[in-house]
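Accompanying notes for the structure given below.
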Amino acid sequence: IALKARLCDLIVTLMRSLPMEARSPREEMRRLKRLERLSQVFDYVQEHHARPISLGEIAGVAHFSPYYFTRFFREATGMTFGQYLNNFRVAKAAEYLRDTSDSITDIGFSAGFGSVKSFNRVFRQVKGCSPSAYKRAISE
């Protein structure tokens, strides 16, 4: 629920940042189509975050070439798709750390990380602490 709320906040922020000048119906339709594609990407990541997602695969979900998708996603969100995917996976891992008693290794793999080393590195980059420190802080 928190992730869906965050995604909605992101979409609202994007919509607010768009100029409010009059647009032709064609321009408005194009803008809505882009937002719909972005929503499809978010939904796809939410459903498939536990397995590897390639740039070509996610670009196909949005019906763009990988090159255009990279530009589109960065312009729309202010981050690369890889950054978004890592942030999403860390948020999922944090949720699992709070709500389950699974091992940190199992949680890392469940969240979609390919190795414990990458899980620890990315988690530390995003949260500022290791997964085990995060789990200890939550349980206290």
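May I ask you to verify whether Ser110 is surrounded by fewer than 19 Cβ atoms within 10 Å (Cβ to Cβ), in contact (Cβ under 8 Å) with a residue 40 or more places away in the chain and polar (S, T, N, Q)? It is true that Ser110 is surrounded by fewer than 19 Cβ atoms within 10 Å (Cβ to Cβ), in contact (Cβ under 8 Å) with a residue 40 or more places away in the chain and polar (S, T, N, Q). Within segment 83-107, the set of residues being without any contact (Cβ under 8 Å) to a residue 40 or more places away in the chain and either in contact with a helix residue (DSSP H, G or I) (Cβ under 8 Å, 6 or more places away or on another chain) or open to solvent by less than 30 Å² (accessible area, probe 1.4 Å) (or both) comprises Tyr84, Asn87, Val90, Ala93, Tyr96, Thr100, Asp102, Ile104, Thr105, Ile107. Within segment 42-59, is there a residue that is open to solvent by 70 Å² or more (accessible area, probe 1.4 Å) and basic (Lys, Arg)? Checking segment 42-59: at least one residue is open to solvent by 70 Å² or more (accessible area, probe 1.4 Å) and basic (Lys, Arg). Restricted to segment 117-140, and to residues there that are within 22 Å of the chain's Cα centre (by Cα), open to solvent by 40 Å² or more (accessible area, probe 1.4 Å) and among the polar types (S, T, N, Q), the residue that is farthest from Ala50 (Cα to Cα) is Gln125.
Within segment 66-116, the set of residues being basic (Lys, Arg) and either under 17 Å from the mean Cα position of the chain (by Cα) or more than 19 Å from Arg136 (Cα to Cα) (or both) comprises Arg71, Arg74, Arg89, Lys92.
The values are calculated or read from the model by the stated rules, or taken from the named source; none is laboratory data. Predicted, not measured: the structure shown is a model, and the values here were computed from it. Don't worry about glycine lacking a Cβ; one is built from the backbone with ideal geometry, like all the others, and counts go over all protein chains shown. For accessibility, only protein heavy atoms count, side chains too; no ligands or nucleic acids. Shrake-Rupley method; radii C 1.70, N 1.55, O 1.52, S 1.80 Å.
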